Amino acid sequence: MNLNRYLSAASNLYGENRLLKFVVVALACATGFNTCGMLRAQQMEKVIVVPSTVTEKMWISGDKASEKYVEQFTRDAINLYLTYHPSNARNNFNKLLNMYHPTEFDVAKKSLYDLADRIEESRASSAFYMNKLVNDENKKQLEITGVRTMIINGKVTEQTSKMYVLDYKIELAKFSILRFMEKNSHETAQSEEKNAK
């Protein structure tokens, strides 16, 4: 009689263990499903931006952005980088640094601060008027064409058509600059990288 009760209690214990294992597996599956759903929703979420200076809707979502958003971001970056005078160059470059990707921040900071020093010493001013913007979404690269005017000591020293290349990254609905340089120097940098390999 006592043996029957012991066997019954043991089978009850095994049954409870199986039930608890099933509950743990079910909870793990539910947690995994929720995590995947949350990550998918985060990538699909669109933030609609309508600044006061823009009459059309712009959006950025996951690793994509509307053409209007890319164009507005590019205009802002170009103005900060290529339209300056000695009294505002350093302030412009500080704002531009906020647009850089964290992996490129230190290199960009050194380059822009050196440029700000040269601008302040030479009393140089610059203005850039963008004519054309070509966005290669596969390469995540922008080609910007326009006219740049350089003024040193009140005299126009240069007024020529220039092309700039802006490599960018869109990550978690944030647009960041990787590299921003004149087209010729960009090609030189790429050929140097290939030769090093």
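Observations
- Qualifying residue in region 166-181 (condition: more than 21 Å from the chain's Cα centre (by Cα), hydrophobic (A, V, I, L, M, F, W, C), assigned to a strand (DSSP E or B) and buried (at least 16 other Cβ atoms within 10 Å of the Cβ)): no
- Residues that are more than 30 Å from LEU39 (Cβ to Cβ) and among the aromatic types (Phe, Trp, Tyr), drawn from region 62-95: TYR81, TYR84, PHE93
- Output for region 83-140, where each listed residue is among the basic types (Lys, Arg), surrounded by 12 or more Cβ atoms within 10 Å (Cβ to Cβ) and part of a helix (DSSP H, G or I): ARG90, LYS95, LYS109
- All conditions in (1) touching a helix residue (DSSP H, G or I) at 6+ places or on another chain (Cβ under 8 Å); (2) over 22 Å from GLN159 (Cβ atoms) hold for ASP136, with the sole exception of (1).
- Top-ranked residue of region 141-153 - restricted to ones that are closer than 23 Å to ILE119 by Cβ, hydrophobic (A, V, I, L, M, F, W, C) and in contact (Cβ under 8 Å) with a residue 24 or more places away in the chain, ranked as surrounded by the most Cβ atoms within 10 Å (Cβ to Cβ): ILE144
Laboratory data are not the source of any read-out in this text; all were calculated from the coordinates shown. This structure is a prediction, so every number in the text was calculated from the model and none was measured. When we count neighbours, we look across all protein chains shown, and the Cβ atoms used for this are built from the backbone with ideal geometry, even at glycine.
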